[in-house]
Structure formats: structure tokens, C-alpha cells
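Input: a single structure, listed below in C-alpha cells.
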Amino acid sequence: MKNKIALLLVFLVFIPFISFSCNGTDNSRLEIKNPFIEAVEKIDSGLNIVQAKGKKLYKQYCAICHGEEGRGDGFNAFNLNPRPADLTEVCKEREDGYIIKIVTEGTKAVGKSSLSPPYGRTIQKEDINAIISYLKTLGN
Ligand code: HEC
């Protein structure tokens, strides 16, 4: 008798689990993003993986002043004098080393104002290179 009650209890405890696991229409827990597919989608949009990483970092650190498209029209731009540079032009004309110097040490290091901040202590070298490779795609 005791065994039967124990068996019944075990069964009752498991009923909810059985019914959940058989519920085929509930897909809400299956929305896991596949990082490989995301990477391929980025390549499809014309950027390789390094450039796509650079774009993400650019949006995080630079877009506030230089704008989403790099045209110097970020939402903080109106506060600044001189205005943020149009990177679609500057990055076509200038050497990588010049831009790397600005990102690392700020515009002050190239004899301009101190408004473009030095990121050498905030962004790793490898990530700065990714930003540069993204900037090179602007204005094309
Ligand atoms: C707080 C606003 C601000 C942020 C954030 C900012 N910049 Fe700037 N940037 C400026 C301003 C303003 C200038 C123009 C400075 C000048 O001419 O004295 C400038 C100029 C530049 C120049 C150009 C120089 C030239 O030769 O004309 C480059 C390249 C540049 N920024 C890159 C970046 C990158 C890359 C980032 C992000 C990692 C960034 N900036 C973040 C405000 C900003």
C-alpha cells in the first residue's frame, strides 16, 4: 500500500513536467541566436567580420559626435567648435597611421583641438585597428 501511494505521488509530481515537455506549440524558449548566421549576415551586408566589429565599436565610441554614417553630424556635434570631422572624407585622404594616432592619443596629438578624445587606455589596439578598417569602408 505504502509503495502504491509513493508511486502515485511520484507520478503526480511528474505530470506537469510531462505535459510541458510535450507542448509542441511553445517555441518561445527556442529563440537562440546562431552566432555563425549573424556573422554571415554581416558579411552579406558588405562588411567582413573585422569591419563589422569595427562598426559596432564605432557606434559605441564615435557616432555620438561623428554621426551614424561618419558625416560629422552626431547628436553631440552642435555642442562642439570646431565641429567633428566628416570621416567619410578624412579617412579616404589620410593614412591609417594618422587616424590610429588620433583615436589613440586624441586630435590634440596632431596639433588640433582636444575635442576628439584619446582612447588609447579604453580601447585595445586590436579593436582600434577594427575601427580603422570600418572607417575605410565609409563613403564608398
Ligand atoms: C566628443 C566628441 C567626439 C568623439 C566621441 C570622437 N570625436 Fe573625433 N573629432 C571630434 C571633433 C570635434 C573633431 C575635430 C577636431 C578638430 O578639428 O580640432 C574630431 C576629429 C576627428 C578626426 C579628424 C581629423 C582631421 O584630420 O580632420 C578623426 C580621424 C576622428 N575625429 C576620429 C574619431 C574616432 C575614430 C572616434 C571614435 C573612436 C572619435 N573621433 C570620437 C569629436 C569627437
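The values are calculated or read from the model by the stated rules, or taken from the named source; none is laboratory data. This structure is a prediction, so every number in the text was calculated from the model and none was measured. Reconstructed Cβ throughout: ideal geometry from the backbone, glycine too, with neighbour counts over all protein chains shown.
Being within 6 Å of the ligand (Cβ to nearest atom), surrounded by fewer than 18 Cβ atoms within 10 Å (Cβ to Cβ) and among the polar types (S, T, N, Q), is that true of even one residue in region 126-135?
The answer is no; no qualifying residue exists.
Just one of the numbered conditions (1) free of Cβ contacts under 8 Å to residues at least 12 places away in the same chain; (2) surrounded by 14 or more Cβ atoms within 10 Å (Cβ to Cβ) is not true of residue 139; which one?
Exception for residue 139: condition (1).
Given region 62-140, what helices (runs of 4 or more DSSP H) lie entirely inside it while holding 3 or more residues that are touching a strand residue (DSSP E or B) at 6+ places or on another chain (Cβ under 8 Å) and at pLDDT 95 or above?
Those helices (runs of 4 or more DSSP H) do not exist here; none qualify.
Return the pairs, sorted by first residue and then second, in which the second residue is in a loop (DSSP other than H, G, I, E, B), the first residue lies in region 46-74 and is away from the ligand (no atom under 13 Å from the Cβ), the beta carbons are less than 6 Å apart, and the residues are 6+ apart or on different chains.
Once the first residue is away from the ligand (no atom under 13 Å from the Cβ) and sits in region 46-74, its partners that are in a loop (DSSP other than H, G, I, E, B) give 51/137.
What do you reckon, is residue 117 near the ligand (Cβ under 8 Å from one of its atoms), surrounded by fewer than 17 Cβ atoms within 10 Å (Cβ to Cβ) and touching a residue at least 12 places away in the same chain (Cβ under 8 Å)?
no
Of the residues that sit in region 93-114 and are without any contact (Cβ under 8 Å) to a residue 12 or more places away in the chain and polar (S, T, N, Q), which one is farthest from the ligand (Cβ to nearest atom)?
114
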